[in-house]
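A short worksheet on the structure shown next.
The values are calculated or read from the model by the stated rules, or taken from the named source; none is laboratory data. Given the structure is predicted, the values throughout are model-derived calculations rather than measurements. Cβ coordinates were reconstructed from backbone atoms using ideal geometry, including for glycine residues, and neighbour counts include every protein chain displayed.
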Amino acid sequence: MLRDRQPPRRFEKSKNLYTLLCLATGLAVGCFFLGLWFGKTSAPPEKPVLAAPAEPPAPVIDRKVTKSTVQPGDTVTSLLGDIFTPRQIYLLNQSSQSVFPLSRLCAGQNYELCLLDGRFESFVYDIDREEQLVVKPEGDGFAVSKIPIEYAVKTELVTGTINSSLFEAVVASGEKEALAINLADIFAWDIDFIRDIQVGDSFEALVEKRYREGNEAGYGRILAARFTNQGQAYNAYLFQDGDQAPAYYDEKGRSVRKAFLKAPLSFSRISSGFNMRRLHPITKKVRPHPAIDYAAPTGTPIKTVADGTVTFAAYKRYNGNCVKVRHPGGWVTMYNHMSRFGRGIKKGVKVRQGQFIGYVGTTGRSTGPHLDFRMYKNGVAVNPLKVKSPPSAPVSSQRLASFKLVVNRLASRLDGIDAIQTAQLEVGNQLTSEDTNTLAN
């Protein structure tokens, strides 16, 4: 009997396994070469960006600023004793002595104290309206200096008409009383604001207004002014003649300053005139009164009418607190019944015209607060209201052309005409620093 012969099944399985193995190997090799190909044509993978390490927080600086005002009785120890030892206070006093003695700290003046992380950084004190005292640490001691106070300045034209007094006219124009005092000081040699002023008089003034840290800080210079009194115009222009201090001159270059002021008080009234046969209000006897009496409130400042030297400053039985001043040319002035003397006024002290030498009072034989003012020429009493006073030196011939340029421009501004174009004019190098500042305004 015949039977079919078939190959063994194990051989078929081996053949199939061999085929699968070849396919797998070929696929692996293909993937390998395919990977190489695409790896050459594609961009390499980007490396991960690492974040920068965070910076440590900035240290917090504790800066403490104290702004205040010197109170009556305050001293450098009471102001700074909490941060300085007694020895440091002593060293500070020594360092400041030649710049500004700290014993002269004045009530009402502003100061600023700065501490940095509890340590002293600076102390700034307003000496006056113009200068500051600055104290800073330096090594084991202190650096002490004086610097000008910085202001923002705006120039404005102020005008007014007199209805009763210069004070009221200035206030009515929207300004402060201090401007009235400044104007009166400029024209004090030509106008007696006690006797001469009349209704209808007028004034124009080109005034610097100062600002500090955005706040009003009073008046600066009066660059030019005009006062019309009884129909006569008096002009004053601020000008610096070379190395001399800035001063006021009229339109022709003549100094408005004269040897004597017209009066020792800016504002008051004459209560008794010069009379060699006056009935005394207390004794009721006829006696000479070789003086002018100016009635004014107690405490009104009294100015010396000219440069000179104090020859007497004490109390006299009838004259009360009295000051005598000797002037050049054989002149002597006398000021009686004062409530108190001015700072530093004593025998032998030299005084400047316009300096405060005392304050109105009613000491001695007196019926009320007033100033008894007397003038003597070579020992003989003269009526102060009749003294003719010569002017000071005029503008020098070398700078007269520059002065006229200033006058032309400022006169236009006093008239309300804006003279900006005149800023383009020059006369060599004759323009003063004051003129340059004015042009900028």
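Where strands (runs of 3 or more DSSP E) fall entirely within segment 290-409, those with at least 3 residues that are modelled with pLDDT of 95 or more are at 308-316, 320-327, 331-341, 356-360. Inspection of segment 143-155 finds a residue satisfying the criterion of being crowded, with 17+ Cβ neighbours inside 10 Å and part of a loop (DSSP other than H, G, I, E, B). Looking across segment 214-226, the residues that are under 25 Å from SER396 (Cα atoms) and surrounded by 18 or more Cβ atoms within 10 Å (Cβ to Cβ) come down to ILE222, LEU223, ALA224, ALA225, ARG226.
Please verify whether GLY342 is over 36 Å from the mean Cα position of the chain (by Cα), free of Cβ contacts under 8 Å to residues at least 60 places away in the same chain and more than 23 Å from VAL256 (Cα to Cα), treating the condition exactly as stated. Here the answer is no, as GLY342 does not meet what is asked. Checked against (1) over 14 Å from HIS370 (Cβ atoms); (2) at pLDDT below 95; (3) surrounded by 13 or more Cβ atoms within 10 Å (Cβ to Cβ), ASN235 passes all but condition (2).
Taken over segment 311-320, the criterion of being closer than 12 Å to SER339 by Cβ and surrounded by 15 or more Cβ atoms within 10 Å (Cβ to Cβ) is satisfied by GLY320 alone. Within segment 67-89, being part of a helix (DSSP H, G or I) and over 15 Å from GLU138 (Cα atoms) holds for VAL76, THR77, SER78, LEU79, LEU80, PRO86, ARG87. Candidates in segment 286-310 are the residues that are hydrophobic (A, V, I, L, M, F, W, C) and over 37 Å from the mean Cα position of the chain (by Cα); of these, the one that is surrounded by the fewest Cβ atoms within 10 Å (Cβ to Cβ) is VAL286.
Which ones in segment 243-268 are of a type outside the set (A, V, I, L, M), at pLDDT below 90 and either outside any loop (DSSP other than H, G, I, E, B) or farther than 26 Å from GLU177 by Cβ (or both)? Result: ASP243, GLN244, LYS258.
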